[in-house]
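> Please find one structure pasted underneath; my questions will follow.
The values are calculated or read from the model by the stated rules, or taken from the named source; none is laboratory data. Note that the structure is predicted; figures quoted are calculated from it, not measured. Counting neighbours? That spans all protein chains shown, and the Cβs are built from the backbone with ideal geometry, glycine included.
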Amino acid sequence: MKVRKGTIKQPKFLIPYFVISLILLLIFGLIGACIAMTGYSEYEMEVTTDKYAFLSDQDLDSGIYSYFTEALNKEDISSEELVNFKWYLTDLYSETGQNMRINAYHTKNGEADLALSNQLAFWMDTSKTAFLMYVDEDKNMHTLSLADSKYLNAFDTPEVEAYYYYDSFSRTFIPKPKLTFICKEFYADLENSRFIPTEVEIMKSSAHGAGDAKHTGVTISIDPGNTEGYTLIKPEKPEIFSFDEEKQHDVLQQYGEIAGCDDIENADWIGYSEGILTNDHLFADYQITDLKTRPFTEVYKDELRLGATFLILAAFILAFIPATIIYNVRMRRYQIFEYRRQMIDAMAHDLKTPMAAISAYAENLSGHIGSDKQEYYAGKIEEKISEMNGMVNSILDFSKTENSSVKVNKEDVDIGALIARIISDNEHTVNERSLKINYEQKPVMVKCDPDLMKQALANLIGNAVIHCKEGTSIDISCGDKIILIINTVDEKIENIDQLRQPFAKGSSTRGSKGTGLGLAIADNNLAMLGFKLDLKTEDDRFIATVKM
């Protein structure tokens with residue numbers, strides 16, 4: 001919409017506020033993007049470091065070597081050692097999400113020894129299964145694996161799934177779920193390191209390990225089916241595995257875990273490797289899948305969310321400062337414009353009436369009228385010119401009071417005597433309007449500028465006399481710290497504070513009483529003297545209070 005030249009519209013705070021907010025959001029967004037790019041570089045470095053740590057510290061060859069050192073010497077691998085290695089592989093899968101499939105066999109003089117290979121060859125992968133760590137009554141520890149994967153079906157219920165937990169090697173890897181349990185009753189083939197669970201309690205565990213596991217009360221009963229070759233074991237005190245070395249053999253323990261890949265056959269194999277652990281001993285080759293890592297936005301989601309929240313809040317908070325400054329500058333300009341417009345309108349309105357009367361009287365004088373009429377009209381013209389001079393003088397007085405450079409000369413002034421003189425000056429108007437002023441004069445000495453104080457009190461008392469209801473009284477009292485001026489008014493004043501504004505006359509339909517500058521001049525003068533003017537109404541009473 002085209003704004004007419006010479007007009008100033010009232011400013012709105014929200015418009016500059018939101019414009020500046022958007023600009024700051026853009027700037028902070030660019031800064032945030034730069035910070036995020038730095039964070040992404042750190043993320044890539046972290047991923048590289050974690051992969052290196054996994055491939056170095058958890059190296060498969062060293063893992064195989066640690067589990068089969070004794071087997072190399074005795075040229076035999078026990079079933080329990082194979083279970084331990086299987087558990088080791090599935091734990092790595094849970095921590096990193098990487099699938100592995102390993103084939104190991106024995107060599108001699110650089111060639112496969114078929115006889116020994118038949119004894120030592122094994123095939124191992126990270127397919128899903130259950131493991132059990134069992135301490136018998138003689139305090140011998142056994143590591144067992146599930147006899148058949150069909151028993152895992154008993155754990156596939158929503159109630160059990162709620163207790164799966166994640167244990168990650170690093171926050172950049174995508175971990176796979178584990179489940180912790182204890183066997184209250186099971187069948188075991190200790191020679192082949194196998195077990196069949198019959199009564200299981202699901203435990204609530206965490207990434208800190210079995211030591212943090214707690215009983216859930218969720219139990220599973222499993223039909224063992226064919227148990228030929230297995231022995232029923234029902235410990236008296238089935239307890240969760242403890243890492244306290246002093247206590248770990250003091251109780252019977254049946255700590256179990258389910259881990260591994262659900263469908264290893266469909267894994268996306270990308271690597272094939274082989275290596276000799278020791279000369280003329282165990283040889284292994286294996287397949288692996290790529291290490292799956294979390295995306296940057298997931299690894300740093302908390303930091304990104306916090307950073308975005310901070311930047312948005314900072315933009316909206318910081319935008320408040322310049323928006324407030326711009327709004328105040330524009331509002332001040334608007335107020336000056338409005339003040340000037342209202343002053344011109346008020347002056348034109350107040351001067352129009354006496355000028356119209358003067359014009360009418362002058363027109364009558366130009367006619368052929370008697371001398372008595374000429375004298376009457378001349379007197380009226382003189383009266384209206386005096387009225388206009390009074391208006392102009394009031395405007396000039398108000399202009400002076402708004403000038404902060406006015407010099408204030410303070411001296412001891414008898415306020416009681418000053419009020420009495422002002423009342424005497426208004427005696428004609430008081431009698432004309434049948435008013436009564438109740439005032440008891442007493443000496444009250446106040447240090448102030450006599451001219452500014454007289455002008456302020458003259459305007460307050462004059463305002464009370466002009467606007468007081470005819471035939472009523474005006475009560476004036478003066479003390480050391482306060483001056484009270486109370487009069488009865490005809491009209492109801494809606495917004496009393498508006499009367500402090502220049503040319504305000506109490507009602508929206510401007511009357512002819514006064515110029516509307518009296519209270520504005522009094523308020524400015526008293527402010528320059530360091531005094532305060534309070535205005536209020538109680539029913540039909542108008543109360544002006546000067547606090548010194």
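> Output the residue which, of all residues in region 147-182 that are surrounded by 12 or more Cβ atoms within 10 Å (Cβ to Cβ) and of a type in the set (Lys, Arg), is nearest to Phe54 (Cα to Cα).
Restricting to residues being surrounded by 12 or more Cβ atoms within 10 Å (Cβ to Cβ) and of a type in the set (Lys, Arg), the top hit is Arg171.
> If I ask for residues that are modelled with pLDDT of 85 or more and in contact with a Phe, Trp or Tyr (Cβ under 6 Å, 6 or more places away or on another chain), which ones from region 108-167 would you list?
Thr126, Phe131, Leu132, Met133, His142, Leu144, Ser145
> Can you name the helices (runs of 4 or more DSSP H) wholly within region 1-96 that have at least 1 residues being out of contact with any helix residue (DSSP H, G or I) (no Cβ under 7 Å at 6 or more places or on another chain), surrounded by 12 or more Cβ atoms within 10 Å (Cβ to Cβ) and modelled with pLDDT under 65?
Ranges flagged: 60-74.
> Determine whether Ile437 is modelled with pLDDT of 90 or more and crowded, with 22+ Cβ neighbours inside 10 Å.
Numbers: modelled with pLDDT of 90 or more: yes; crowded, with 22+ Cβ neighbours inside 10 Å: no.
Here the answer is no, as Ile437 does not meet what is asked.
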